[in-house]
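The values are calculated or read from the model by the stated rules, or taken from the named source; none is laboratory data. Everything numeric here is computed off the predicted structure, so don't read it as measured data. Backbone-built Cβ (ideal geometry, glycine too); neighbour counts: all protein chains shown. Protein only, heavy atoms only, side chains kept; ligands, DNA and RNA dropped before computing areas. Shrake-Rupley method; radii C 1.70, N 1.55, O 1.52, S 1.80 Å.
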Amino acid sequence: MDALLARVMEAHGGLERWKNLSTLTARITAGGPFWEFKGHDDFAGDDVVEVSLQKERVVHRRPATGRTVVYDGESDRVTVTGPDGEVLADLPEPRSTFDGYTQDTPWNLGQIAYFRGYAVWHYLVEPYVFTWPGVEAHEVEPWTENGEKWRVLSVTYPPSIHTHNATQLYYYDDSGLLRRMDYQPDVNGRTEVAHYIRAHEVVDGIPVPVKRHIHRRNEDGTPDLSWAPITVDISDITIS
C-alpha cells in the first residue's frame, strides 16, 4: 500500500475496521444552483441516505415527499419511486446515456438521480474505496495553498466502479484529513472541479467530511471561489 494511503487509512480508523463495517446512514442537505440549472431544483434540500460500505449501492429517501432513489452499481441501474411506490424513473446503464453531453445539457430524472447516487456514495466510502481491488493509488507532488502544504494522492478507478472520472486527486493535511479533491465529471462535459472539505465530524472514531463546497477549477489548478454550484452538508451520521 502506498505510504500516504496507509497514513490516511490510519487516520480514518484503520483498514481492518472498515472491512468489518456494513452501512453508513446520514442526512444529506444539498444546495447551490446546479440542481435547478439541470432542471431538477427539487433535488436541493434534505435526503436521508443509506450507504453500503462493501459494495457500490446507495438509497436516498426524501422525507418531505416520499421519493426514493436507489443506485446499485452491481446491476448498473438507478430507480426513482414515489411515495406510493410508483416508478418515476428506471434507468439501466445510466452512464451510457450521457454520451455527447456538455455542461449545458439538462438531465432527465434518472440521470440526476444517478449523478447524486454515485457521487454521495463515493464521498461517504472514501478513503476505504481506495483500497479495493483494481483501484490504484499513489502519492504525487504536494500542493501549497494559503500557506498550507498538502500531500496529494492520485487515485485511478477501474470501470467497474462508477465515479466522476477515472483519475482524481485527493489533498490531505498533516493529520491525514481530506481538504480538497479534484475531478472533472464525464457526465457533465468534464468541467474541472475543485471540491473543498470545510469541516469534519468524528463518528465512532472515524472522521467524516461534513461540509463540502464544490467550485470550478481554473487552468492553473486554483479554485474559483466566487461561487459554489453545489454545496453538501452531512449530519445525523451513524456507522455500523
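To make sure I understand the rule: partners must be lysines, Cα under 20 Å from the Cα of residue 55, and not fewer than 8 residues away in the same chain. Which ones qualify?
Here the lysines satisfying the reach criterion relative to residue 55 are 19.
Compute the relative contact order of region 8-55 as a whole-number percentage, counting only Cα pairs closer than 8 Å that sit 6 or more residues apart in sequence.
That works out to 43 percent.
For Cα pairs less than 8 Å apart in space and 6+ apart in sequence, what is the mean separation divided by the residue count of the chain, i.e. the relative contact order in percent?
Answer for the chain is 20 percent.
In the chain, what percent of the accessible surface is made up of carbon and sulfur (1.4 Å probe, ligands and nucleic acids excluded)?
The nonpolar share, carbon plus sulfur, comes to 49 percent.
In whole angstrom, and with the biggest value first, how far do the Cα coordinates of the chain range along each principal axis?
48, 41, 30
For q values of 0.20 Å⁻¹, compute log₁₀ I(q)/I(0) with the Debye formula on a Cα-only model of region 124-240, without solvent.
Debye intensities relative to I(0), on a log10 scale: -1.32.
How long are the semi-axes of the equivalent ellipsoid of region 1-62, defined as square roots of 5 times the Cα gyration tensor eigenvalues? Whole Å, largest first.
Values for region 1-62, descending: 31, 15, 9 Å.
Could you compute how fast region 7-112 diffuses translationally, taking Rh as the Kirkwood radius over C-alpha pairs and applying Stokes-Einstein at 4 °C with viscosity 1.567 mPa s? Give it in µm² per second.
Diffusion coefficient, whole number: 83 µm²/s.
By how many nm would the segment from residue 204 to residue 46 grow when fully extended, if each residue of separation counts as 0.36 nm and the alpha-carbon distance is taken off?
Gain on stretching residue 204 to residue 46: 54.5 nm.
Given springs between every Cα pair under 10 Å in a Gaussian network model of the chain, which of 163, 29, 144 has the largest fluctuation?
In this elastic network of the chain, the residue with the biggest mean-square fluctuation among 163, 29, 144 is 144.
Hey, what does the equivalent ellipsoid look like for region 90-133, semi-axes from the Cα gyration tensor as sqrt of 5 times each eigenvalue, largest first, whole Å?
Sorted largest first and rounded, they come to 24, 11, 11 Å.
Ignoring solvent entirely, what values of log10 I(q)/I(0) come out of the Debye formula for region 176-240 at 0.13, 0.26, 0.29 Å⁻¹ when each Cα is a single scatterer?
-0.41, -1.10, -1.23
By how many degrees, between 0 and 90 and to the nearest 10, does the Cα long axis of helix 109-125 differ from the longest principal axis of the chain?
Helix 109-125 and the main axis of the chain meet at about 30 degrees.
Could you tell me what fraction of 2.2 N^0.38 Å the Cα radius of gyration of region 73-192 comes to, as a two-decimal ratio?
Computed over Cα atoms of region 73-192, the ratio equals 1.22.
Using a cut-off of 14 Å between beta-carbons, work out the net charge of the residues near residue 169 (Lys and Arg +1, Asp and Glu -1, residue 169 not included).
Summing Lys/Arg as +1 and Asp/Glu as -1 gives -4.
Rolling a 1.4 Å sphere over the protein heavy atoms, what is the accessible area per residue of region 136-240, to the nearest Å²?
46 Å²
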